[in-house]
Amino acid sequence: MPGIKVDKGLVPLPGSNNESWCQGLDGLASRCAEYYKQGARFAKWRTVVSIPCGPSALAVKEAAWGLARYAAIAQDNGLVPIVEPEILLDGDHGIERTLEAAEKVWSEVFFYLAQNNVLFEGILLKPSMVTPGAEHKEKASPEAIAKHTLTMLRRRVPPAVPGIMFLSGGQSEVEATLNLNAMNQSPNPWHVSFSYARALQNSVLKTWQGRPENVEAAQKALLARAKANSLAQLGRYTGEGESDEAKKGMFQKGYTY
């Protein structure tokens, strides 16, 4: 089932603390209608929030309002919106600070989703996991990340929302899978799964290297990652037999795409 990224990227937010906002609402309705005609059935819109930059009240409100307007417009044109305010890994803050910022962001997101009459049963969320900043001196265990992330979600996300599809956000492939697995050790009000880019593709691309003779090996690497995360969303992943490459972190400061 095909979907499409409909935002037009991040630009500097005037009046903020060197933060950004996501553009793309102009003409979105007509674009979504055209995408639906072409066969699309879901859409994606990524905005970001930076903890070292505040986040400022202005940046959080802008992110939440933009996501809500996009979600309403997408639903009005028959597309399921993936709602994604990514809280960047940048910073040396601890996990409690991330929890505080995530609760702030998601409370505003759902406030504006409700104001825009978005049908909660017809959206999917793509949140960041609640982790320490990438430059924090101590790493958190999968159990600690699962506890803080699920605490945030239970406090902020109505059970009417059918699915939570985590982004990987620069974690290593193994970290992203272990953390997802830890969140599925007991039942949740929503389906808790994954929507990874880097954490599905990194070792695959390094195996392939653009060479025809490596295609079969790269396909096997992709299947291995897909299988690992499939097991993790069932709570059955063990981490056995993972390569050193899959354990390497992929954090990039101020990551954009």
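The values are calculated or read from the model by the stated rules, or taken from the named source; none is laboratory data. If you're wondering where the values come from, they're calculated on a predicted model, not measured in any experiment. Here Cβ is always computed from backbone atoms with ideal geometry, including for glycine, and neighbour counts include all displayed protein chains. With ligands, DNA and RNA removed, areas are computed over all heavy atoms of the protein, side chains included. Shrake-Rupley method; radii C 1.70, N 1.55, O 1.52, S 1.80 Å.
Quick look at the numbers
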{"item": "Accessible area of the range 17-86 belonging to carbon and sulfur atoms, whole % at 1.4 Å probe", "result": "52"}
{"item": "GLU108 accessible area, assembled protein chains, probe 1.4 Å, Å²", "result": "50"}
{"item": "Computed over the chain, Kirkwood Rh from alpha-carbon pairs, angstrom", "result": "18.9"}
{"item": "The range 182-199 versus the range 89-137: alpha-carbon centroid distance in Å", "result": "15"}
{"item": "Distant-in-sequence amide H partners of SER172 (H built 1.01 Å from N, under 5 Å)", "result": "MET250"}
{"item": "Å² of accessible area per residue within the range 79-201, as computed with a 1.4 Å probe and no ligands counted", "result": "38"}
{"item": "Accessible area (Å², per residue) of the range 16-60, counting only protein heavy atoms and a probe of 1.4 Å", "result": "46"}
{"item": "For VAL192, residues with placed amide H under 5 Å, excluding near neighbours", "result": "ILE164"}
{"item": "Kyte-Doolittle mean at least -1.0, axial Cα span of 24 Å or more - DSSP H helices of the chain", "result": "57-76, 95-115, 215-232"}
{"item": "Listed residues VAL60, GLY15, PHE110: farthest to the positive end of the dipole of the chain (Cβ charges)", "result": "PHE110"}
{"item": "Estimated FRET transfer efficiency (ARG41, ARG97; beta-carbon r; R0 41 Å; 0.05)", "result": "0.65"}
{"item": "Area of PHE111 that stays accessible when all protein chains are in place (1.4 Å probe, Å², to 10)", "result": "110"}
